Every structure is written in structure tokens, then in C-alpha cells.
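Before anything else, here's the structure in question.
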Amino acid sequence: REYVDDLDFKIPGEEGTYKRIPEVLDCWFESGSMPYAQLHYPFENAEVFKDGFPAEFIAEGLDQTRGWFYTLTVLSAALFDKPAFKNVIVNGMVLAGDGKKMSKRLRNYTPPDELIETFGADALRLFLINSGLVKAEELRFTDEGVKDMVRRALLPWFNSFKFFSTYAKVDGWKVSEKPVPTDNILDQWVLSKLQTLVKNVNHEMSNYRLYNVVPELFAFIEDLTNWYIRLNRRRFWEEGMSADKQAAYSTLYTTLESLSRMMAPFAPFLSDYIYLELKQFGGKTEESVHLASYPDANEKMINSTLELAVDRMQQVVILGRQKRINEGVKVKTPLKTLTVIHQDQVLLTEMKKLEEYIKTELNVKVIDYSTKEADYVVLSAKPNLPVLGKKLGKEMGAFKALIEKLSSADVTKIEAGGKVTLNGVDFDATEILVQRNTKPGTQALTNRFVTIDLDCQLDQDLIDEGLAREMVNRIQKTRKDSNFNVADRIDVTVHCNENLARIFNKYQSYISSETLMAKGTVSLSALSGAMAHDIDEESFAVLAKKV
């Protein structure tokens, strides 16, 4: 309109004459009139307008703050004395990795079609959703960020499905019409975590806090793959179809099916693939995950105490591994005693139900429990100077002395998220920093969640058993490199030194149960066609044949 002279003209084949409109209102006024103009309100559609005004949400970039957001608000305030929207989703600006504006001339970005071809549209979508963009922050876009989504979320999630699918096909497992009851503690935990996830995602989405959703989904995928599946693999490997194995399949199927529906808005392609692939195991499913209902939380299945206990179990495992690294003791070498220390006896009782998993993960024989944290840890406090300096000013020195003299009970209260009062002034965990130091003479290691004391002293039996576990690892590698199926039984012949041969014979029963070894033999001479390995720099050759 700006570039057309005030002339009449006709369109060939069309009746009538088209004329330029000489006066046009400000375009931002027009955009701010959108809620009314699109319905031709107030001349018609009054009821439709009232039902949909104000809008549940609007979404645009940060640059619209003085544009569309502003004019929508001004016009709505003038007409109705209220805003035109209940929520506003503000996106930040996307820049190239060098901080400059993306430019075709500079070619300082990877074209989207190439990026999607390499990493997939789901990875790109998750990267953007999980970035500061959804909090109106600036983003320096990099291909590595998209690649990281594949590594952190998509591959682990897909691998969890492949694990389930592989074994379910071997066993011919199908979904039962009725839920399969389970008394396995980790089944109950992962189903509780699933319902907590559904509850939290629905809550955050209903409040338009997209930035809180994807991190929770990532955390759940981590728990599913690196904890639930890894700690329960043996249940899927056992022969036959016991009630416990049925429960394991049912739990994992339920989790994967619900997760595919929950992830559908965030990773639509992989969600649909997994959802459709699960159809081969029965169950009532739609033609696409995008036609299925979004999950609703079953709060009766949520067990917050159990979830906290498993979280603390994970912390125990992390501390135990760290302690082994500090002492130079391999995870495959068993240790005699682990003591778990926490002041909450109820939590320790719940953690005791998870004892067998802790023993397996940290390879310990016996686990003790204690509430006497003071026997292992010294708590101390110091002021958070950058925060309290502004609050206390010249009185900082006097309060610093009081804070450093806090009793153990007060420090514990602060660490738990509570408050203490000193000379009429309240202090919380953001203002007082808690330090935890282990007592000399203990084997303790601590963090703000839990404390452990791990005995790392070794005797010959522990050393031998550790070497037997190393043998299992080498035989399993041989199975994999030989392309045996997971259910194949094998005969094994090994060639090694006298000490390793002694241990191989001593622990044959254990090695057989772990590797599906039907028969094990030690050869004094070299083996033709054997796969070469080493254990603690000693040769350990393995020849495996399918029975």
C-alpha cells in the first residue's frame, strides 16, 4: 500500500475495480486489536468472545515486549480494565555460537535441514525447550548442544526400550489385561517415580512453566536406565517365566508406555515410534501416540518415603564408589563391611529394604546402619558473607562469631532447610553455610544427604573373589565378540597362569551362573582361536563354544 500510487486498476478476469486505501492505522494498534477483530466483536460473536477472553496464554519473542504485548495490554485495559491474556510465554533471542546474529552471508550456523538430518528433529526440539530461550534468555546456538540431547536423553530412552523389547520377544511376553502385582521394592519405586513425574509435569505445564518440565523428564530417564534397568537386569535374564519376571516385564512396559505418551509433546517422533513398537506386546493402544490421552497421575501409587530412600541409596552408592577410587580398590573386589549413617531411623529402615541392591552395587558382604552421625561427622557453620554482608552491615562481625559457635543441633536444623534465631535475627540455609568433615580414625565419607563408613581393608579371599569377577567380565566380553545370543549356553576353556587357574577352578559355580557356562576347563597350553585378555597385567585367554 505504501508504494502504490492512488490509481484505479483492474485484475484481469476479475470484475470490479480495486482501490488503494489511503489511510491505515498503526500496525501495532491493529495487532493489539486482534482478540476483538478476529471475531468482528462487538458487532457479532459476543458470546464466543466472552467465553475466550482473556486468552489462556500468548507466546512471542522478547522483542514483542514493547510491541504486541504492550498494545494488547493497553487496549484491553482501556476497554475492559483487565489484561488480554492470563499467561505470556516469552522466548529469548537465538544467536549464532559466536554471539553474532545468525547470517546467511556469514554462514555462522548449520542449516536446520542438515542439523535435523544429523541429529533428528526431536534432539533439536529438546535442546531449544531445555535452553534459556523458554525463560526469555538469550541462546548462543551450537550443534554440540543438540548432539548432547541425543546422548543425555534420546539414546538412553531408546536403549531402555530396546532392552525391554529384546527380552520380551525372546520370552514371548504379552501384556496382561489386569495389572500384575509386584512386591519388588524397585518396581514399586519406579512406578511411584512415574506417577510423581506425571503429577509434576502436569502441574508445571498447566502453569506454563515449560522450563521446569524437561529437566524432570531427563532425571526420570536417568533413573530408569542407570538405576532401575541396570539393577534389575538379572530378573529379565533368568530362565522360565516366574511371577517375579512377569512383574518386571509388566513394570517396565507400563513405564515405557506412559513415558512415550508423556514425552509426546517434547519428542514427538521417538515417542510415536516407541509407542507403536509396544503394540506388538498387546495392550490397548491408539493408531498413534498423538491420538492417545495424556497421562493423569495415580497418586495412590506415590510413595514419597520410598522415593527418598532410593535417592539416599543412590547417594550411598555414589559415595561408596568415590571411597573405592580414593583407596585404589576396584569395584569388582569385594569388601567386608559398609555402615550407612543417617539421623532418621525411619529412612534407614526403608533403606534396609534396598540392602541387596547396595551390596551388589558396592560389592560388600555386610551392611550396618547407624543413627549416631556425631560418631563419624563434625558439623560446623560459617556465614555466607556475600549474602549476609548486605543484610547485617556493620554488625557482620558480631554475628559471624555467633554463627560459628552454633550448636550441632542448630547446624543440623539449618542443613535440613530450617531457620535459627540469633539476637532476634532469623537466618536460613541461604545465609549460613554448613560444612561437614569426617572424624579422624574413621573410614567415613559424607555429603549433605548421607554418610557412609566403608572398610577398605583386603584379605586373600577378597582379592581372589575380585579376580573371579574380572574373569566373568572377560568371558562376557568373549560372548559378545563371538555374537552369541543372550540365552546361549557355552563351554569355556581358559589359558592363564597358576594363580588365575586356581581361582577359575575355585569359583567355577559362580562364573557359570554369571556367564551361562555349561563347562569350564583350564588348558596348560596355548589355545588356537582364543580371544586374548588380561587381568591385572596377566594373560587370560578365553575360548568359548556354543553348546
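Under 17 Å from the Cα of Lys480, which lysines turn up, not counting those fewer than eight places away in the same chain?
In chain and number order, the partners are Lys162, Lys545, Lys546.
Students often get this wrong, so try it: which of [x] 295; [y] 206; [z] 183 is volume of the Cα convex hull per residue in Å³ as calculated from the structure shown?
So the calculated entry is the one marked [x].
Further question: How long is the gain from Thr166 to Ala136 if the chain were fully straight, where each residue apart is worth 0.36 nm and the alpha carbon distance is subtracted?
6.5 nm
Okay, next question. On a straight-distance basis, which aspartates and glutamates could pair with Lys391 in a cross-link, Cα separation under 16 angstrom, same-chain partners fewer than 8 positions away excluded?
Asp426, Asp428, Glu431
Next question. Using a simple spin-label model with points 7 Å from Cα along the Cα→Cβ vector, what separation in nm is obtained for Asn108 and Lys332?
The two pseudo-label positions are separated by 5.1 nm.
Using a 1.4 angstrom probe on the protein heavy atoms only, line up Val170, Val522, Val420 by accessible area, largest first.
Sorted by accessible area, descending: Val170, Val522, Val420.
Another question about this same structure. Under a Cβ-only charge scheme (Lys and Arg +1, Asp and Glu -1), can you give me the dipole magnitude of the chain about the Cα centre, in debye to the nearest 20?
For this selection, approximately 1480 debye.
Using DSSP to call loops (not H, G, I, E or B), can you name the chymotrypsin sites (Phe, Trp or Tyr not before Pro) in segment 51-122 whose Cβ has at most 14 other Cβ atoms within 10 angstrom?
Phe57
Please say if segment 60-176 is rounded, prolate or oblate, where rounded means a/c under 1.5 for a ≥ b ≥ c the square roots of the C-alpha gyration tensor eigenvalues, and otherwise the choice is prolate for a/b larger than b/c and oblate otherwise?
Details: a/c = 4.15, a/b = 1.62, b/c = 2.56.
Oblate.
Let me ask something else about it. Projected onto the charge dipole of segment 30-170 (+1 at Lys/Arg Cβ, -1 at Asp/Glu Cβ, origin at the Cα centre), which of Phe127, Tyr70, Phe53 gives the Cα projection farthest towards the positive end?
Phe127
Determine the dipole magnitude for segment 138-181: charges of +1 sit on the beta-carbon of Lys and Arg, -1 on that of Asp and Glu, nothing else is charged, the reference point is the Cα centre, and the result goes in debye to the nearest 20.
Value, rounded to 20: 200 debye.
Report the Cα centroid-to-centroid distance between segment 239-268 and segment 70-87 in angstrom, as an integer.
The distance from the Cα centre of segment 239-268 to that of segment 70-87 comes to 47 Å.
Further, regarding this structure: Specify whether the C-alpha gyration tensor of segment 506-547 places it in the rounded, prolate or oblate class, a ≥ b ≥ c being the square roots of the eigenvalues: rounded for a/c under 1.5, otherwise prolate if a/b is larger than b/c and oblate if not.
Because a/c hits 1.5 or more and a/b fails to exceed b/c, segment 506-547 counts as oblate.
A further question on this structure: Note down the magnitude of the dipole of segment 352-465 about its Cα centre, charges +1 on Lys and Arg C-beta and -1 on Asp and Glu C-beta and zero elsewhere, to the nearest 20 debye.
Computed about the Cα centre, the dipole is about 960 debye.
Further question on the same structure: Rolling a 1.4 Å sphere over the protein heavy atoms, what is the accessible area per residue of segment 117-183, to the nearest Å²?
Value for segment 117-183: 57 Å² per residue.
Determine the order of Ser103, Ser304, Ser260 by accessible area, beginning with the largest, at a probe radius of 1.4 Å.
So the residues, ranked largest to smallest area, are Ser304, Ser103, Ser260.
Please enumerate, by chain and number, the lysines with C-alpha under 25 Å from the C-alpha of Lys82, excluding those fewer than 8 residues away in the same chain.
Answer for Lys82, where 25 Å is the Cα cut-off: Lys50, Lys135, listed by chain and number.
Ordering Ile325, Ile452 from largest to smallest accessible area (1.4 angstrom probe), what's the sequence? Provide the component values of the computation, followed by the final result.
Numbers: Ile325 135, Ile452 0 Å².
Per-residue accessible area, sorted high to low, gives Ile325, Ile452.
Are there any chymotrypsin sites (Phe, Trp or Tyr not before Pro) in segment 280-385 that are in a DSSP loop and have at most 13 other Cβ atoms within 10 Å? List them by number.
none
Provide the gained length on full extension for the span Met34 to Lys546, in nm with one decimal, where the gain is 0.36 nm per separating residue minus the Cα-Cα distance.
Once the chain is fully extended between Met34 and Lys546, it gains 177.1 nm.
Still on this structure: Return the percentage of antiparallel bridges among DSSP beta bridges fully within the chain, rounded to the nearest 5 %.
Around 60 percent antiparallel, to the nearest 5.
For segment 473-547, give the share of DSSP beta bridges that are antiparallel, in percent and rounded to the nearest 5; count only bridges with both residues there.
Restricted to segment 473-547, the bridges split so that about 70 percent are antiparallel.
Just round it to a whole percent: the fraction of Cα-Cα distances in segment 134-199 exceeding 21 Å.
Across segment 134-199, Cα pairs with separations above 21 Å total 54 percent.
To check you understand DSSP bridge types, tell me what percent of the beta bridges within segment 319-430 (both residues inside) are antiparallel, rounded to 5. Could the numbers behind the result be given before it?
Numbers: 3 of 9 bridges.
Taking every DSSP beta bridge within segment 319-430, about 35 percent pair in antiparallel fashion.
Rounded, prolate or oblate: which one fits segment 248-407, using the alpha carbon gyration tensor with axes a ≥ b ≥ c (rounded when a/c is under 1.5, else prolate when a/b beats b/c, else oblate)?
Taking the square roots of the gyration eigenvalues as a ≥ b ≥ c, segment 248-407 is oblate.
Now a separate question. Would you work out which of Leu402, Ile503, Tyr41 lies farthest towards the positive end of the dipole of the chain? Charges go on Cβ: Lys and Arg +1, Asp and Glu -1.
Value: Ile503.
What whole number of Å gives the distance from the Cα centroid of segment 295-348 to the Cα centroid of segment 201-227?
22
Charges on Cβ only, +1 for Lys and Arg, -1 for Asp and Glu, centred on the Cα centroid of the chain; of Leu191, Leu276, Val317, which one is farthest towards the dipole's positive end?
Val317
Can you pull out the GluC sites (Glu not before Pro) in segment 87-184 that DSSP calls coil and that have at most 15 other Cβ atoms within 10 Å?
On the way: sites: Glu114, Glu117, Glu137, Glu138, Glu144, Glu177; in loops: Glu137, Glu138, Glu177.
For GluC sites (Glu not before Pro) across segment 87-184 that sit outside H, G, I, E and B with at most 15 neighbouring Cβ atoms in 10 Å, the list reads Glu137, Glu138, Glu177.
The values are calculated or read from the model by the stated rules, or taken from the named source; none is laboratory data. It should be emphasised that the depicted structure is a prediction, and the values quoted were computed from it without experimental measurement. Please note: Cβ atoms are built from the backbone with ideal geometry, for glycine as well, and neighbour counts cover all protein chains shown. For accessibility, only protein heavy atoms count, side chains too; no ligands or nucleic acids. Shrake-Rupley method; radii C 1.70, N 1.55, O 1.52, S 1.80 Å.
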